[in-house]
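Q: Quick one: this structure, given as structure tokens, is what I'll be asking you about.
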Amino acid sequence: MKSTPLRRGLARITDQWGLALPPDRGWRGFIDTHLALAAAAALPVLWVLSTVFGPAMHAPAGWPAWASFVLAQPVLEELVFRGILQGELLQWTGGRQAGPVTQANLWTSLAFTVAHLLVQPPAWALAVAVPSLVFGHLRDRLRSIWPAVVLHGGYNLGFALVATWVRSSSG
């Protein structure tokens, strides 16, 4: 196929925003040690949340809320924050590090946390800061938003299941 300005522009956006599967790894990009460790780390966090916050945890009500929380929100949030914002910031900062993470990841995680502060109580909103850094790390490491989308959906699913279980066992 002939390269046109439109095709080159779409290829640049796809690469810069991490819309393709992890380059050179494809679906194997989902089999990553960092991704597995991040998924395993959610288990003790969910246990702490259930024991500390218990009935204060809110579970989705009805299948549309579940679909939104587990599927739509992770896709949209990762596209906007890790794809567009972090992708653009990676270009702007040249991928420079800020300690163990990129400056782009740090700024994106700050924006992600502030966005959650607008719609959630402060403690809940601040609780997304560390997962955001993890999602950003995966995006930087694998050059794709899709592993972060899967992990984000898994975190949301785990949270919703624990919240549902806690509420049903306390009522």
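The values are calculated or read from the model by the stated rules, or taken from the named source; none is laboratory data. Being a predicted model, the structure only gives us computed values, none of them experimental. So basically every Cβ, Gly included, is an ideal-geometry build from the backbone, and we count neighbours across all protein chains shown. Only protein heavy atoms, including side chains, enter the accessible area calculation; ligands, DNA and RNA are left aside. Shrake-Rupley method; radii C 1.70, N 1.55, O 1.52, S 1.80 Å.
Q: Please go through region 58-70 and pick out each residue that is of a type in the set (A, V, I, L, M, F, W, C) and within 20 Å of the chain's Cα centre (by Cα).
A: The first filter runs over region 58-70 and keeps only residues of a type in the set (A, V, I, L, M, F, W, C), leaving 59, 61, 63, 65-67, 69-70.
Passing the criteria: A59, A65, W66, A67, F69, V70.
Q: Taking region 129-154, which residues are buried (at least 20 other Cβ atoms within 10 Å of the Cβ) and closer than 21 Å to A59 by Cβ?
A: Scanning region 129-154 gives P131, L151, H152.
Q: Which of the residues belonging to region 144-171 are part of a loop (DSSP other than H, G, I, E, B) and under 16 Å from I31 (Cα atoms)? Outline the logic, then answer.
A: Filtering region 144-171 for residues part of a loop (DSSP other than H, G, I, E, B) gives 144-145, 171.
Within region 144-171, S144, I145 meet the criteria.
Q: Which one is most open to solvent (accessible area, probe 1.4 Å), of the residues in region 24-37 that are at pLDDT 75 or above and not aliphatic (A, V, I, L, M)? Outline the logic, then answer.
A: Going through region 24-37, the residues at pLDDT 75 or above turn out to be 32-37.
Within this subset, residues satisfying the condition of being not aliphatic (A, V, I, L, M) are 32-34.
On the way: D32: 10, T33: 92, H34: 69 Å².
Among those that are at pLDDT 75 or above and not aliphatic (A, V, I, L, M), it is T33.
Q: Please list, ordered by residue number, the helices (runs of 4 or more DSSP H) wholly in region 44-120 having 3 or more residues that are more than 24 Å from V162 (Cα to Cα), polar (S, T, N, Q) and open to solvent by less than 40 Å² (accessible area, probe 1.4 Å).
A: Working: elements: 63-67, 73-77, 86-93, 103-117.
Filter on region 44-120 gives 103-117.
Q: For residues that are closer than 13 Å to L35 by Cα and hydrophobic (A, V, I, L, M, F, W, C), tally how many sit in region 125-143.
A: Of the residues in that region, 5 qualify.
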